[in-house]
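Accompanying notes for the structure given below.
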Amino acid sequence: MTDSIIERLKAGGKKLTKARRAILGILEQSPLPMTAAELHARLAKARMPIDLVTVYRNLAMLEKLGLVTTVGLHDGQMRYEVRHGREHHHHIQCRGCGKIVDLMVCPIKKLTSVIEAQTQFAVDSHSLEFLGWCPQCR
């Protein structure tokens, strides 16, 4: 774990427990966002006996501290991915098989100043996900 993660946990009054270290480690290794259930299954496979409620509690706390971000896709399940070390990005998900692909582009960045001027809001984040059909499902 990087020092910035440990510092952010300490600043939030939290410690880097074995459970948090395992959760963050799995999310760091995953190229795509994961559901809490998928994360729980990986923890079980790694012989980390952490119950699903604890996984959810830790994910909520890590999100609150800005270490993890949630991704809502069309399947209705909230997915999670680490924030540190990754550029801001969006996703596209196949309507057929559910395959998810990172899109390392953000078309909204250019619109932010226009939106702020029109609404007088100070935009601090946004969410944009794409849906479509992958080559195998077309």
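Listed values, structure above:
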| read-out | value |
| --- | --- |
| From ARG57, ARG79, residue being in the same structural domain as LEU32 (by the TED database) and either on the phi > 0 side of the Ramachandran plot or outside any helix (DSSP H, G or I) (or both) | ARG79 |
| Every residue from segment 49-66 that is surrounded by fewer than 15 Cβ atoms within 10 Å (Cβ to Cβ) and in contact with a His (Cβ under 6 Å, 6 or more places away or on another chain) | LEU52 |
| Among the residues listed as THR2, THR54, THR35, the single one being hydroxyl-bearing (Ser, Thr, Tyr) and at pLDDT below 90 | THR2 |
| Conditions (1) open to solvent by less than 70 Å² (accessible area, probe 1.4 Å); (2) outside the structural domain of VAL123 (by the TED database): number failed by LYS18 | (1) |
| Output for segment 49-82, where each listed residue is among the hydrophobic types (A, V, I, L, M, F, W, C) and more than 15 Å from ARG20 (Cβ to Cβ) | LEU52, VAL71, LEU73, MET78 |
| Extreme residue, nearest to PRO31 (Cα to Cα), among residues of segment 115-128 that are surrounded by fewer than 10 Cβ atoms within 10 Å (Cβ to Cβ) and aliphatic (A, V, I, L, M) | ALA122 |
| Test result for ILE50, under 18 Å from ARG83 (Cα atoms), out of contact with any Phe, Trp or Tyr (no Cβ under 8 Å at 6 or more places or on another chain) and not assigned by the TED database to the domain that holds ASP102 | no |
| Residue ID - most open to solvent (accessible area, probe 1.4 Å), chosen from residues in segment 90-103 that are touching a residue at least 40 places away in the same chain (Cβ under 8 Å) and in a loop (DSSP other than H, G, I, E, B) | ARG95 |
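Okay, residues lined up against (1) surrounded by 15 or more Cβ atoms within 10 Å (Cβ to Cβ); (2) modelled with pLDDT under 85:
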| site | (1), (2) |
| --- | --- |
| VAL68 | yes, no |
| VAL71 | yes, yes |
| VAL82 | yes, no |
| HIS88 | no, yes |
| LYS109 | no, yes |
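The values are calculated or read from the model by the stated rules, or taken from the named source; none is laboratory data. What you see is a predicted model, and the numbers here were worked out from it, not measured in a lab. Every residue, glycine among them, receives a Cβ derived from its backbone with ideal geometry; neighbour counts consider all protein chains shown. With ligands, DNA and RNA removed, areas are computed over all heavy atoms of the protein, side chains included. Shrake-Rupley method; radii C 1.70, N 1.55, O 1.52, S 1.80 Å.
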